[in-house]
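For reference, the structure is listed below as structure tokens.
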Amino acid sequence: MRAYLFLICPVLLFLGGSYLLPFLGIMQLSFTDPEPGLGQYSHVLSDPLTLSVIWRTLRICVIVTAVSVAAAYIITLLWVRGRPLVRSLTELCIMIPFWISVLSRAFGWMSMLSNRGLLNTWLKDLGLIETSLQLTRNEFAVIIGMSHYLIPFAVFPLATAMRNVDERVLTAADGMGASRLRIFWQVFLPMTASGIIGATLLVFVFSVGFFVTPALLGGGQSVLIAELIYLWIFQIPQWGMAAAMSVILMLAVGGILVLLMRRYGEMAK
Amino acid sequence: MKSEAIVANTTQIEARSVGKKFGKFHALRDISLEIAEGEFLSLLGPSGSGKTTFLTLLGGYENTTSGQLFLEGQDMTGWTANQRGFGMVFQGYALFPHLTVAENIAFPLKVQKRSKAQIADRVAQMVEMVGLSGHENKKPKALSGGQQQRVALARALAYEPKVLLLDEPFSALDKNLRGQMQEELRRLHRELGTTFVFVTHDQEEALALSSRIAIFNHGELQQVGTPDDVYERPANRFTAEFLGDINILSLDGTSGVAGTPIKLPGNAAGLGHLAVRPEHMRLAAEGDANQLPVRLRDRVYLGSKSRLLLETQAGEELMLYLDNGAGPAAPQTGAELRVAWDVQDSFAV
């Protein structure tokens, strides 16, 4: 057995070289640039502007996660429990977005929502509005764009949970006279709770590090953490700040992961 | 014990020519059956015989494709499972995995919108009845198979249904536990007086528990009767062979077996085989009427008795049990012997 251990060395080397070393570099930067100490951290955690970005990121990510998981739940329900035709159509709708890059999708939403975009044009042509609605370059657009990207990722953990539901349990509840509403809220939903937690985990972790969609659809008006880090690296070089922010982000995501995983573990029992 | 349960003899459920098709496949054909109030009826048959399908039709979980079902004289063919209001114990129990034992049992009561105090009382009573005191707040996964089975029983009986349907409830349990649960089920049936309809493929289970047994094969009802009825007087060869061991001899058309003349039972006309249960066959003594020469092929020692495997001159296999007590010395393999039986213990199939 031991003789084969060297076979995993390439993987360890690759992971060490591509993740561990840069990470150690960032840790070092965060404590030393521009001067040694905890100055970068105390600045990040006290500067009102930075704090507002952190709060906005949290707020948007929580909303995006809630919207994505809720929408994905309905979609998954159609996919797993719909009639055959509904099933195949839903499957198509889940798969197609995976073939389109995140950039194209953000541009798609821009052309849809911008001042002279499709939606505003239609609404004007229909005479429903006089002046264009401000649908891009705000949090609304960011939430729409991010949710749209993340919904398919939420579908898979939910689908696994829904497929594991024992049909006989639902039949039993029905036979005892429970209404469809009661069966959904008190039986089906709790039985798929592990999937909801899994989907929440996945979507939230993805959303916290989102860059392209908020940058394009937010149009600089609703800067999120990833964009702030980008600014500190490429626009106003303050690499120590960027590094400190990255470490905080990583710890926050890690913390949330641990918390939710624990809950997930209890569910699985 | 077995027959005392057929007490009232009031028909509670009646099936009239019930049939069920899945596509072109006939799962059930023309089933007519009356179930008496308070009886313990087993639906027995090999897998794919339609017994479970019949149970789901009774419960209202599937619709019949032909025929009618009556409950106390009322046509219930179109009623939903809920309208029929029978209790059901599903194969695999179908407990709510996210609810505790007490919450599982309380579920149907909450659906019926009973008061909190009533629900708490009833749950406590049910937990007590199935012997799960102290486990009220455990989730199903923390329970053993037998305990889960008890929860399923308690949940199905909580709202005092008139009829309890059970779909192979013990198939997942090991043998000892199964015996124990069978005892519990008999006790529950005795105490409650509820009609039990019980699906099983285990013939011993059916014989031990039921007041009557309905035997299914290929979607058709073969025979309905008390356990000793169907065992001692099977209606056809399938029933005879499905229930317990049986010796089958080919009749040669001249009122004999392979040239040896024997006395035939009254129903023999037109039938080609004679059937005798091994326990009714013995090694022949002087003066026995029905004697058949056989050769001993093998003897299997079983402790208190031995099983003898015999072969007739026509090459047919027979089996009988021999007490290992103070009888004559056991015959050796290859010995030429004669077997005998009383004519009233044989039947033609």
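The values are calculated or read from the model by the stated rules, or taken from the named source; none is laboratory data. Not measured: the values here are computed from a predicted model. With ideal geometry, Cβ positions are generated from the backbone for all residues, glycine too; neighbour counts draw on all protein chains shown. Heads up: the accessible areas ignore ligands, DNA and RNA and are worked out on the full protein's heavy atoms, side chains in. Shrake-Rupley method; radii C 1.70, N 1.55, O 1.52, S 1.80 Å.
Counting only protein heavy atoms, what percent of the accessible surface of chain B is carbon or sulfur at a 1.4 Å probe? Write out the running numbers ahead of the final one.
Working: 7450 of 15860 Å².
Its accessible area is 47 percent carbon and sulfur atoms.
Per-residue counts of other Cβ atoms within 10 Å, averaged by peptide: what ranking do you get for B:170-176, B:126-132, B:58-64, B:151-157, highest first? Provide the component values of the computation, followed by the final result.
Numbers: B:170-176: 14.1, B:126-132: 18.4, B:58-64: 20.7, B:151-157: 25.9.
Ranked from most to least packed, the peptides come out as B:151-157, B:58-64, B:126-132, B:170-176.
Based on alpha-carbon positions alone, could you give the equivalent ellipsoid semi-axes of the stretch B:98-185 from the gyration tensor, as √(5λ), descending, whole Å?
Working: eigenvalues 100, 42, 23 Å².
Calculated on Cα positions only, the semi-axes equal 22, 15, 11 Å.
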| request: Work out how far the C-alpha atoms of the stretch B:11-239 reach from end to end along every principal axis, then list the three figures in whole Å, largest first. | output: 50, 39, 32
| request: Under 23 Å Cα to Cα from B:Lys24, which lysines show up? Leave out anything in the same chain fewer than 8 places away. | output: B:Lys51
| task | Please compute how much accessible surface disappears when A pairs with B, both sides summed, using a 1.4 Å probe, and round it to the nearest 100 Å². | result | 1500 Å²
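Using only the C-alpha atoms of the protein assembly as shown, find the volume of their convex hull and express it per residue in Å³.
Values: hull volume 182.3 nm³, N = 618.
Each residue corresponds to 295 Å³ of Cα convex hull volume.
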| Averaged over B:94-103, how many beta carbons belonging to a partner chain fall within 10 Å of each residue's beta carbon? | 4
| field | Stokes-Einstein translational diffusion, the stretch A:159-269 - Kirkwood Rh over all Cα pairs, 1.002 mPa s, 20 °C, in µm²/s | value | 125 µm²/s
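Please average, across the residues of B:155-168, the number of beta carbons from any other chain that are within 10 Å of each residue's own beta carbon, and give a whole number. Provide the component values of the computation, followed by the final result.
Details: counts 2, 3, 0, 1, 2, 0, 1, 0, 0, 0, 1, 0, 1, 0.
Mean partner-chain Cβ count within 10 Å for B:155-168: 1.
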| Taking chain B as a Gaussian network, Cα atoms linked when under 10 Å apart, which of B:Gly145, B:Gly303, B:Gly48 shows the biggest mean-square fluctuation? | B:Gly303
| message | Give the aspartates and glutamates whose C-alpha is closer than 20 Å to that of B:Lys116, dropping any in the same chain fewer than 8 places away, or say none. | response | B:Glu103, B:Glu128, B:Glu136, B:Glu160
| field | Debye equation applied to the C-alpha atoms of the stretch B:275-349, log10 I(q)/I(0) at 0.11, 0.23 Å⁻¹ | value | -0.26, -1.15
| field | Residues with amide H under 5 Å from that of B:Leu28, placed H, sequence gap 5 or more | value | B:Lys20
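Across the residues of B:221-232, average count of Cβ atoms on other protein chains within 10 Å?
Numbers: counts 0, 0, 0, 0, 0, 0, 0, 0, 0, 0, 0, 0.
Across the residues of B:221-232, the mean count of other-chain Cβ atoms within 10 Å is 0.
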| request: Distance between Cα centroids, the stretch B:164-199 to the stretch A:245-261: provide it in whole Å. | output: 52 Å
| request: Evaluate the relative contact order of chain A (contact order divided by residue number), counting alpha-carbon pairs under 8 angstrom at least 6 apart; express in whole percent. | output: 29 percent
| query | Given +1 on the Cβ of Lys and Arg, -1 on the Cβ of Asp and Glu, and no further charges, what dipole in debye does the stretch A:92-194 carry about its Cα centre, rounded to the nearest 20? | reply | 80 debye
| said: Could you tell me the center-to-center distance, by alpha carbons, between the stretch B:203-241 and the stretch A:65-105 in angstrom? | reply: 52 Å
| task | Answer with one residue from B:Asn63, B:Ile105, B:Val89: the one whose Cα lies farthest towards the positive end of the charge dipole of chain B, charges on Cβ with Lys, Arg +1 and Asp, Glu -1. | result | B:Ile105
| Spatially proximal lysines relative to B:Lys113 (Cα-Cα < 30 Å; intrachain offsets below 8 disregarded) | B:Lys138, B:Lys139, B:Lys141, B:Lys162
| Rounded to whole Hz, the Karplus (6.51, -1.76, 1.60) HN-Hα couplings of the stretch A:230-247, x for glycine and proline | 4, 4, 5, 8, 9, 9, 10, x, 9, 4, x, 5, 4, 5, 4, 4, 4, 5
